[in-house]
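Report on the structure given below.
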Ligand code: 6GU
């Protein structure tokens, strides 16, 4: 996969891809990530990327010309038929695991990081394939949002994770994770549940499943509304509800 990030602050994005798992994915050749400085696509002395809004009002708007030229240049340099152009903006469709999975199937993503009060509307209508937001809060720009998107997408690429880990996990499965413990068995008086040290794998699996269902019910009941539970999970859930009443 190839990912281009178009931004006026490439410095913000230099850190996130230089460490840990995403770095490894880059080193392994699973993904190629390029930071593209929008100012490289200006032609004036001041490298102006923004301007005041027609009709008045506060704030600055990203100009269309540098964005069009940057994206067209990136498209001209790729072998891909149709690179997928995404604008990161609070007005976009909300990122979730399904969307991350859909994007992980694309061969080439071009991510435009929005800034200031917004971007010229002609960029949205004529250049962008999809607008994406990472949640209902306001950031100063799309850079951090694009780093979140890249992280969520790259970890789903084939060969990134051991098969089991990526599939059997919160939000692919409809349930939240059960609690985890490691050594020591007692820390500051807090004990590891004995079942986890029993060596009885069937018992451990049952305990974990119960904890997952309980956690989901307590913290994210909305996930239970939309997911199809296995019959064993329905029984666990009914027991939890019975004990409550
Ligand atoms: Cl993509 N951009 C900005 N500026 N704020 C956001 C966002 C994006 N997603 C959530 N908040």
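Can you tell me the order of 86-93, 119-126 when each peptide is scored by its average per-residue count of other Cβ atoms within 10 angstrom, highest first?
Descending packing order for the listed peptides: 86-93, 119-126.
Just to verify a number: FRET efficiency for residue 186 and residue 208, C-beta to C-beta distance, R0 = 25 Å, to 0.05?
E(calc), rounded to 0.05, equals 0.75.
Tell me, what are the semi-axes, in whole angstrom and largest first, of the equivalent ellipsoid of the stretch 177-220 as set by the roots of 5 times the Cα gyration tensor eigenvalues?
For the stretch 177-220, the semi-axes come out at 20, 15, 7 Å.
Can you give me the distance in nm between label points at residue 245 and residue 121, each placed 7 Å from the Cα along the Cα-to-Cβ direction?
5.3 nm
In deg cm²/dmol and to the nearest 500, what is the mean residue ellipticity at 222 nm of the chain if only DSSP H runs of at least 4 residues count, each as -39500 (n - 2.57), divided by the residue total? If you can, show how the numbers build up before the last one.
On the way: 9 runs with 92 residues, N = 245.
So the helix-based figure for the chain works out to -11000 deg cm²/dmol.
Please work out the Kirkwood hydrodynamic radius for the stretch 1-147, using every pair of different C-alpha atoms, and report it in angstroms with one decimal place.
Result for the stretch 1-147, one decimal place: 15.9 Å.
Under the rule a/c < 1.5 gives rounded, and otherwise a/b versus b/c splits prolate from oblate, where does the stretch 74-123 land using the Cα gyration tensor?
Here the stretch 74-123 falls in the oblate category.
Measure nothing but the geometry: give the 0 to 90° angle between the long axis through the Cα atoms of 231-244 and the longest principal axis through the Cα atoms of the chain, rounded to 10°.
80 degrees
If I model a spin label as a point 7 Å beyond the Cα along the Cα-Cβ vector, how far apart are those points for residue 73 and residue 27 in nm?
Simple spin-label model gives 3.1 nm for this pair.
Can you pull the Kirkwood radius for the chain, inverse mean 1/r over Cα pairs, to one decimal in Å?
Mean inverse Cα-Cα distance, inverted, gives 21.1 Å.
By per-residue mean of other Cβ atoms within 10 Å, what is the highest-first order of 184-194, 94-104? Provide the component values of the computation, followed by the final result.
Values: 184-194: 9.6, 94-104: 15.5.
Result, highest mean Cβ count within 10 Å first: 94-104, 184-194.
Specify the angular offset, from 0 to 90 degrees and rounded to the nearest 10, of the alpha carbon long axis of helix 142-154 from the longest principal axis of the alpha carbons in the chain.
50 degrees
We did not get these values from a lab; they are worked out from the coordinates using the rules stated. These numbers were taken from a predicted model, which means no experiment stands behind them. Please note: Cβ atoms are built from the backbone with ideal geometry, for glycine as well, and neighbour counts cover all protein chains shown.
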